[in-house]
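Asks: One structure, as structure tokens, below. Some questions next.
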Amino acid sequence: MVTGYGAVTPLGHSVDETWTAMLAGRSGIDKVEAIDVTDLAVRIGGQVRGFTPSRYMPAMVSRRADPYAQYALAAALEACEHAGLVIDDHVAPRVAVIIGSGYGPVGSIYRAANRLRDKGPRSISPFTQVTTAMDSAAGEISMRLGTQGPSRAQSTACASGADAVGAAMRMISHGEADIVLAGGADACVTTVDLAGSGNARALSKRNDDPAAACRPFDAHRDGFVMSEGAAVAVLEAADVADRRGATALAELTGYGASSDAHHWTAPHPEGRGARLAVEAALRDAGITGAEVDYVNAHGTGTLLNDITETAVLRQVLGDRVTRIPVSSTKSMTGHMIGAAGAVELVASIQALRTGDVPPTVNCDEPIDPDINFVPHRTQHHPGMRIALSNSFGFGGHNAALVVRTV
């Protein structure tokens, strides 16, 4: 059961702020201001703006923690508050933490390398080896909340957040934990990452119109937009949630993962891996594609991903895909890499609970006119029960999650 969640995104510093912005069709993509992008071909991104670490953690933590870990900790604190979860000595040994990230604490790594070059070995903090590690977000959450179950990192590129949630689901079903704080985080709007992804021709170059840059499923799309953020969900065994009187927001019923075994940046041309992941998630949930009521698509706005994902949805869902809403919230958040799957799971659950489906903004000329990509404006679809959330990443990593109302 999902009993709580928290989020920090380019749209807001909480789930409520993010969700309100999504329903309004507001973009969190703008010109990058936190770093010098003068010499870059791509100068736009989805940044977390106005984030105040002191609201969530002591100064000693914020000084050592990379922004990706700060965002993850803030999201975890909101998730626990939302779930009414108090982690005391009795429950702590049965509470785990899994945080996915595609890039990890890259800002801290770059800063440490520059400091070593400019000021020498004695300038390097003794915390560097732990705060520049991929598991630093999970570690900060565990230490802050006092969890004593397993804590670990998950890294599968853009599928990291979804895979972390899927791993948490397995951990609970196998009896390894009663409660898992699971999600994803990334803070990779950096000079190096914008330059690298830009040189790979994966990023939109609409520098003069940032809000219109991310155009999932639109005929005039030209790449994804690099963004940052985090989301964490509280997952619990049903009997544990019942005993403590927690309110179940949704049931996570299916998870599937696969690899393309094809190319580092391009999806398999026939969507082989993506299809395997979606089919596995539906099979795990014990349903067919004909029962899906909403798809929160991976929908990056790249030339290859969108056409491949559309083909996969047609293959797996059949005619059902033309009768249900399919939207990409990345059109507003940008691509938060490891955080994307976790944020989109939250959006999927919110859609099921409210009946409101957030739009795919900038979808002016849909690549498949028979599919309802929820262009421009939120649509109300009452009675939805089952949602599918897709996450497909560089390296051919694929993950899909199925959630249902309770």
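Asks: Please state, to two decimals, what the Cα-based radius of gyration of the range 2-244 comes to when divided by 2.2 N^0.38 Å (N = residues).
Replies: 1.05
Asks: Between the range 74-93 and the range 326-401, what is the C-alpha centre distance in whole Å?
Replies: Going from one Cα centre to the other spans 28 Å.
Asks: Would you work out if the range 230-281 is rounded, prolate or oblate? Take a ≥ b ≥ c from the square roots of the eigenvalues of the alpha-carbon gyration tensor; rounded if a/c is under 1.5, else prolate when a/b is larger than b/c, oblate otherwise. Spell out each step's value before the answer.
Replies: Values: a/c = 4.66, a/b = 2.89, b/c = 1.61.
Note, shape of the range 230-281 comes out prolate.
Asks: At a 1.4 Å probe, what is the % contribution of carbon and sulfur to the accessible area of the range 2-244?
Replies: Details: 5040 of 10080 Å².
Taking all protein chains in place, the range 2-244 shows 50 percent carbon and sulfur surface.
Asks: Would you list, by chain and number, the lysines whose Cα falls below 17 Å from the Cα of residue 330, excluding same-chain residues fewer than 8 positions away?
Replies: Output for residue 330: 31, 205.
Asks: Students sometimes get this wrong: rank 270, 17 by accessible area, probe 1.4 Å, all chains present, largest first.
Replies: From most exposed to least exposed: 270, 17.
Asks: While we're on this one: Which percent, to the nearest 5, of DSSP beta bridges fully inside the chain are antiparallel?
Replies: 65
Asks: Okay, next question. Tell me the per residue accessible area of the chain using a 1.4 Å probe; a whole number in Å² is fine.
Replies: Computed with neighbouring chains in place, this is 39 Å² per residue.
Asks: Now, a different point. Using a 1.4 Å probe and ignoring any ligands, DNA or RNA, find the accessible area of residue 255 and quote it in Å² to the nearest 10.
Replies: About 30 Å², rounded to the nearest 10.
Asks: If you bin the C-alpha pair distances of the range 1-116 every 10 Å from 0, what whole percents do you get?
Replies: 11, 34, 37, 14, 4, 0
Asks: Ignoring ligands, DNA and RNA, please state the percent of accessible area on the range 253-404 from carbon and sulfur, probe 1.4 Å.
Replies: 51
Asks: Roughly what % of DSSP beta bridges within the range 253-404 run antiparallel, to the nearest 5?
Replies: Antiparallel: roughly 70 percent of the beta bridges in the range 253-404.
Asks: Considering the values (i) 252; (ii) 150; (iii) 125, which represents volume of the Cα convex hull per residue in Å³ as calculated for the structure under consideration?
Replies: Correct label, based on the coordinates given: (iii).
Asks: What is the antiparallel percent of DSSP beta bridges lying wholly in the range 2-244, to the nearest 5?
Replies: The antiparallel fraction comes to roughly 60 percent.
Asks: Give the accessible area for residue 214 in Å² (nearest 10); use a 1.4 Å probe, count only protein heavy atoms, and leave out ligands, DNA and RNA.
Replies: 0
Asks: Can you give the accessible area of residue 144 in Å² (nearest 10), computed on protein heavy atoms with a 1.4 Å probe?
Replies: Near enough 110 Å² of accessible area.
Asks: Can you sort 251, 176 by 1.4 Å-probe accessible area, starting with the largest?
Replies: On the way: 251 65, 176 90 Å².
Accessible-area ranking of 251, 176, largest first: 176, 251.
Asks: Counting helices only, and only those DSSP H runs with n ≥ 4, report the 222 nm mean residue ellipticity of the chain as the sum of -39,500 (n - 2.57) divided by its residues, in deg cm²/dmol to the nearest 500.
Replies: Using -39500 (n - 2.57) per qualifying helix, the result is -10000 deg cm²/dmol.
Asks: Separate question: Relative contact order for the chain: what is it in percent, counting Cα pairs under 8 Å that are at least 6 residues apart?
Replies: Relative CO of the chain lands at 23 percent.
Asks: Can you sort 51, 394 by solvent-accessible area, 1.4 Å probe, largest first?
Replies: The most accessible residue leads, giving 394, 51.
Asks: I need the P(r) histogram for the range 253-404: all alpha carbon pairs, bin width 10 Å from 0 out to the longest distance, whole percents.
Replies: 12, 47, 37, 4, 0
Asks: Separate question: In nanometres, what is the gap between the two model label sites at residue 244 and residue 191, each 7 Å from Cα along Cα-to-Cβ?
Replies: Spacing of the two 7 Å Cα→Cβ label points: 4.5 nm.
The values are calculated or read from the model by the stated rules, or taken from the named source; none is laboratory data. Please read all numbers here as calculations on a predicted model, not as lab measurements. Using ideal geometry, Cβ is built from the backbone for each residue, glycine included, and neighbour counts are taken over all protein chains shown. Protein only, heavy atoms only, side chains kept; ligands, DNA and RNA dropped before computing areas. Shrake-Rupley method; radii C 1.70, N 1.55, O 1.52, S 1.80 Å.
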